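The values are calculated or read from the model by the stated rules, or taken from the named source; none is laboratory data. Quick caveat, the model's predicted, so the values are computed rather than measured. Backbone-built Cβ (ideal geometry, glycine too); neighbour counts: all protein chains shown. Side chains are part of the model used for accessible areas, which takes the heavy atoms of the whole protein and leaves out ligands, DNA and RNA. Shrake-Rupley method; radii C 1.70, N 1.55, O 1.52, S 1.80 Å.
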Amino acid sequence: MSFSSDEVNFLVYRYLQESGFNHSAYTFGIESHISQSNINGALVPPAALLLMLQKGLQYTEAEISIAEDGTITRLTEGLSLIDAVMPEVKFQKVPIKPTEIKQDTIKTEPVADTNGGEPVAAAPASTENMDVDQSIEIPPSKATVLRGHESEVFICAWNPSTDLLASGSGDSTARIWDMSDNSTSPNQLVLRHCIQKGGTEVPSNKDVTSLDWNCDGNLLATGSYDGYARIWTTDGRLASTLGQHKGPIFALKWNKRGNYILSAGVDRTTIIWDAATGQCTQQFSFHSAPALDVDWQTNTSFASCSTDQRIHVCKLSVDKPIKSFQGHTNEVNAIKWDPQGQLLASCSDDMTLKIWSMKQETCVHDLQAHSKEIYTIKWSPTGPGTSNPNMNLILASASFDSTVRLWDVERGACIHTLTKHTEPVYSVAFSPDGKYLASGSFDKCVHIWSTQSGQLVHSYKGTGGIFEVCWNSRGSKVGASASDGSVFVLDLRKL
């Protein structure tokens, strides 16, 4: 009997779906290319993975208990999954000697939990990444750890005008943290995402995976896997519920004017919402698979990308795309317009980064340097049309190959390859002056780099894999959200 990695991946994918881990299932499905397998899911019974594991345990119990001559040599007394893969630990009961503990184990000092509970362990120094100079490591005492979320925190974003930090989590809440007074125990507002059932409100129990502040900073929009977008005030009041998508929302953005919200969903559609009324202004159904990301070009036109490998540029009141780009050979994960809305950057699971122009059909640049999927991209706030016009425009790309690359888009050349991370990089963000880049990885590290030299300037190791990094409007603080439910803030003025 044998099985393929595709079969194992499919069983894990189905287990995540059946257990309600929809975001994890979706991400795992994309990374393991479930859609490209030839497995007929209709033939796979529910709980198939657990059933196979249970049978495997029974066979392992028999293997451990029965000798070659068929006699029972020992009783297993109910084998657990861990026992099955570590039978020598369970049955030999070898004590661990103190001298066998690694001598380089990091000692951690407890730090106060900012939610008022028991002290939590401070993040260890990042000795796993020995290339990092000890002098640039940010000590745990210089970070404010925000506790409250009960599940992974997928997204965070600073208010554009004040030091309010918003975060969205798998615990079906968003939170607004007031960091304005630099307190180690800031006030937090909990934005509970509920749905109507039988005339009463109940928690949606779905991930909040996208959020965005409007230009004035007085409204926060959130997108959830329950299929609803919501608009909140800064005092935590629910102002509008936007319900038109059929399934999870993957991305949402305010336009610069603040009168429209744009969203993308698993239902293959993108929607422009009237922020004042909460009504759907126009729904676009041009993708043949889930829409993963959207970005405004102007106040009324935008681009969208999808797992269907295509990019569409659409405009309000126009009933078909005004431009479509084809060229990627796998899912397109993210798209971003440059500050002037002239060039569109896209990144894909095909390991390429492409630059597009409305003036031509084929891509301007096809940048091939990453060795694994590219998860996200960001333009620098520099060059013509920005507040830093004397600095060159550059593009940053973050990849599952553990690197970040900085690109000169005019030349189509890689300027710097940033290589200190040791796990997939999920997020990058430029400082408002364009001089620094923050990156967050599943190695639990947030690195801050000089965009001019490509040198690592600061490094901080948290307690969970980093999903998102962001800068406040003054460039003095970096926020980050993590897989262990933590959110933390690095105040660079204190370094």
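Tabulated data
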item: Given (1) touching a Cys at 6+ places or on another chain (Cβ under 6 Å); (2) within 28 Å of GLN188 (Cβ to Cβ), number of the condition GLN244 does not satisfy; result: (2)
item: In the range 309-349, the residues that are farther than 19 Å from TYR260 by Cα and among the acidic types (Asp, Glu); result: GLU331, ASP338, ASP349
item: Residue in the range 383-390 that is under 25 Å from ALA264 (Cα atoms) and either surrounded by 18 or more Cβ atoms within 10 Å (Cβ to Cβ) or among the hydrophobic types (A, V, I, L, M, F, W, C) (or both) present; result: no
item: Odd one out for GLN309, checked against (1) loosely packed, with under 15 Cβ neighbours inside 10 Å; (2) in contact with a Ser or Thr (Cβ under 7 Å, 6 or more places away or on another chain); (3) at positive phi; result: (1)
item: Selected residue (only one of GLN360, GLN340 is open to solvent by 40 Å² or more (accessible area, probe 1.4 Å) and without any contact (Cβ under 8 Å) to a residue 40 or more places away in the chain); result: GLN360
item: When residues of the range 1-50 are limited to those that are hydroxyl-bearing (Ser, Thr, Tyr) and touching a residue at least 40 places away in the same chain (Cβ under 8 Å), the one least open to solvent (accessible area, probe 1.4 Å); result: TYR26
item: Count of residues meeting criterion [in contact with a Pro (Cβ under 9 Å, 6 or more places away or on another chain) and either among the β-branched types (Val, Ile, Thr) or part of a strand (DSSP E or B) (or both)] in the range 201-234; result: 4
item: Candidate set from the range 253-283 (those that are outside any strand (DSSP E or B) and of a type in the set (A, V, I, L, M)); member that is farthest from ASP226 (Cα to Cα); result: ALA276
item: PRO432 vs. criteria open to solvent by 30 Å² or more (accessible area, probe 1.4 Å), out of contact with any strand residue (DSSP E or B) (no Cβ under 7 Å at 6 or more places or on another chain) and not in a strand (DSSP E or B); result: no
item: Residue within the range 239-252 that is of a type in the set (Val, Ile, Thr), surrounded by fewer than 22 Cβ atoms within 10 Å (Cβ to Cβ) and over 24 Å from CYS156 (Cβ atoms) present; result: no
item: Among (1) free of Cβ contacts under 8 Å to residues at least 24 places away in the same chain; (2) more than 25 Å from ARG310 (Cα to Cα), the one test that GLY217 misses; result: (1)
item: Count of residues meeting criterion [open to solvent by 50 Å² or more (accessible area, probe 1.4 Å), assigned to a loop (DSSP other than H, G, I, E, B) and touching a Leu at 6+ places or on another chain (Cβ under 7 Å)] in the range 409-419; result: 0
item: Meets criteria (out of contact with any Asp or Glu (no Cβ under 8 Å at 6 or more places or on another chain) and assigned to a strand (DSSP E or B)) for ASP295; result: yes
item: Looking only at the range 452-469, and only at residues there that are closer than 18 Å to ARG493 by Cβ and within 22 Å of the chain's Cα centre (by Cα), the one that is most open to solvent (accessible area, probe 1.4 Å); result: HIS458
item: Sole residue being in contact (Cβ under 8 Å) with a residue 12 or more places away in the chain, of a type in the set (Val, Ile, Thr), buried (at least 16 other Cβ atoms within 10 Å of the Cβ) and in contact with a Lys or Arg (Cβ under 6 Å, 6 or more places away or on another chain), chosen from THR162, THR209, THR173; result: THR173
item: Residues satisfying the stated conditions in the range 176-199, i.e. in a strand (DSSP E or B), touching a strand residue (DSSP E or B) at 6+ places or on another chain (Cβ under 9 Å) and free of Cβ contacts under 8 Å to residues at least 40 places away in the same chain; result: ASP178, ARG192, CYS194, ILE195, GLN196
item: Of all residues in the range 1-56 being of a type in the set (Asp, Glu) and within 24 Å of TYR375 (Cβ to Cβ), the one that is nearest to the chain's Cα centre (by Cα); result: GLU31
item: Test set (1) touching a Ser or Thr at 6+ places or on another chain (Cβ under 9 Å); (2) modelled with pLDDT under 55 - LYS107 fails condition number; result: (1)
item: Candidate set: the range 178-192, residues that are touching a Pro at 6+ places or on another chain (Cβ under 7 Å) and not aliphatic (A, V, I, L, M); chosen: the one least open to solvent (accessible area, probe 1.4 Å); result: ASP178
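Residues checked against (1) of a type in the set (A, V, I, L, M); (2) farther than 21 Å from ASP366 by Cα:
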| position | (1), (2) |
| --- | --- |
| THR300 | no, yes |
| ILE311 | yes, no |
| LYS320 | no, yes |
| VAL332 | yes, no |
| GLN340 | no, no |
